[in-house]
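Structure, as structure tokens:
The values are calculated or read from the model by the stated rules, or taken from the named source; none is laboratory data. Everything numeric in this text was worked out from a predicted model, so none of it was measured. Using ideal geometry, Cβ is built from the backbone for each residue, glycine included, and neighbour counts are taken over all protein chains shown. When the accessible area is computed, the model is the full protein with side chains, heavy atoms only, and any ligands, DNA or RNA have been set aside. Shrake-Rupley method; radii C 1.70, N 1.55, O 1.52, S 1.80 Å.
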Amino acid sequence: MADHAASSLKLSLADLRENYTQGGLDEAAVDTNPIAQFEKWFAEALRAGLKEPNAMTLATATPDGRPSARIVLLKEVDEAGFVFYTNYESRKARELRENPRAALTLYWAELERQVRVEGIVKRVSRGQSEHYFQSRPKGSRLGAWASHQSAVIPNRTSLEARLKDLEARYSEIEDVPLPEFWGGYRVEPEVIEFWQGRPNRLHDRLQYWRDQDQLWQRERLAP
Ligand SMILES: Cc1cc2nc3c(=O)[nH]c(=O)nc-3n(C[C@H](O)[C@H](O)[C@H](O)COP(=O)(O)O)c2cc1C
């Protein structure tokens, strides 16, 4: 049974294949500024009603080059970069402390689009983290306090017990302080690539990078 399931999974994986037909990426039509182009694509992802279009894969690596990746949510984007929030004692944070470089990938399947970002990672200011933290629902703020993200825990009950304690302690208090171990990171982009699926695997790829004068340049890559 298990063998049969494994071989049919193998068959169907090999057969899964999309022909991308939704559109193209034309040098003349894209913005010369990749952040503006990202905002345009993001607005289109929102308009298309995609679920969590701000979910992105964040890849980090140890100094000796062992990569790890996970999904985080994009919470702010502007000329300075792409911001996500997390626990500063998590595995990703440990890796970023020792090797402050990261790659991000967003994939919008329904639009047949991918965006890739690479750059240097820095913590956002305490003020900015504070502002975002206080905008979160109380349950999420208490959840940040309750979880030593990436640590091994004995069971789920211990986690729920911690949250219960916190809920009791803050039952009358709305103002949950920002934990010193929690906040944002900004990926300051050095390279941004826009990928649009096209028929017959001849996809469009436009890659932007900053030159010595920090001006964005652009080139087309083979798919
Ligand atoms: C849709 C989705 C959104 C997530 N958003 C975040 C996020 O914004 N911040 C975060 O720390 N973890 C987020 N996570 C959890 C991470 O993927 C990961 O489990 C966690 O950050 C621990 O990663 P680490 O041990 O590599 O540090 C999200 C997971 C999913 C599936």
Unit charges at the beta carbon, dipole of the stretch 26-134: most positive-side option, VAL77, ALA61, THR32: ALA61
Using a cut-off of 11 Å between beta-carbons, work out the net charge of the residues near SER150 (Lys and Arg +1, Asp and Glu -1, SER150 not included). +2
Rounded to whole Å, give me the distance from the Cα center of the stretch 150-191 to that of the stretch 123-149. 7
Expressed as a whole percentage, what fraction of the accessible surface of the stretch 68-146 belongs to carbon and sulfur atoms when a 1.4 Å probe is rolled over the protein heavy atoms? 51
Using a Gaussian network model on the chain with a 10 Å cutoff between Cα atoms, which of VAL187, VAL152, VAL30 fluctuates the most? VAL152
Hey, rough spin-label estimate for LYS138 and ALA222, points 7 angstrom out along Cα→Cβ, what's it come to in nanometres? 6.0
Just add up the charged neighbours of GLN22: K/R +1, D/E -1, any other residue whose Cβ is under 13 Å from the Cβ of GLN22. -3
For the stretch 115-223, with every protein chain kept in place, what is the accessible area per residue (1.4 Å probe, Å²)? 59
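Hey, got the dipole for the stretch 1-45? About the Cα centre, +1 on K and R Cβ, -1 on D and E Cβ, debye to the nearest 20? The partial results should precede the final answer.
Details: 3 positive and 8 negative charges, 47 e Å.
For the stretch 1-45, the charge dipole is close to 220 debye.
Tell me, what are the semi-axes, in whole angstrom and largest first, of the equivalent ellipsoid of the chain as set by the roots of 5 times the Cα gyration tensor eigenvalues? Provide the component values of the computation, followed by the final result.
Working: eigenvalues 239, 127, 62 Å².
After diagonalising the Cα gyration tensor, the semi-axes are 35, 25, 18 Å.
Using a simple charge model, +1 on the beta-carbon of Lys and Arg, -1 on the beta-carbon of Asp and Glu, nothing else, what dipole does the chain show about its Cα centre, in debye to the nearest 20?
On the way: 32 positive and 34 negative charges, 126 e Å.
Using Cβ point charges on Lys, Arg, Asp and Glu, the chain gives about 600 debye.
Net charge near ALA161: determine it from the other residues with C-beta under 14 Å of the C-beta of ALA161, scoring Lys and Arg +1 and Asp and Glu -1. Intermediate results must be reported in sequence, preceding the final value.
On the way: positive: ARG156, ARG162, LYS164, ARG169; negative: GLU160, ASP165, GLU167.
Result for the neighbourhood of ALA161: +1.
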One finds, for GLN214 and ASP78 with R0 = 25 angstrom and r their Cβ-Cβ distance, a FRET efficiency to the nearest 0.05 of 0.95
By its C-alpha gyration tensor, with a ≥ b ≥ c as the square roots of the eigenvalues, how is the stretch 1-109 shaped: rounded for a/c under 1.5, else prolate for a/b larger than b/c, else oblate? oblate
I'd like to know how the stretch 23-78 sits against the 2.2 N^0.38 Å rule of thumb: what's its Cα Rg over that expected value? 1.45
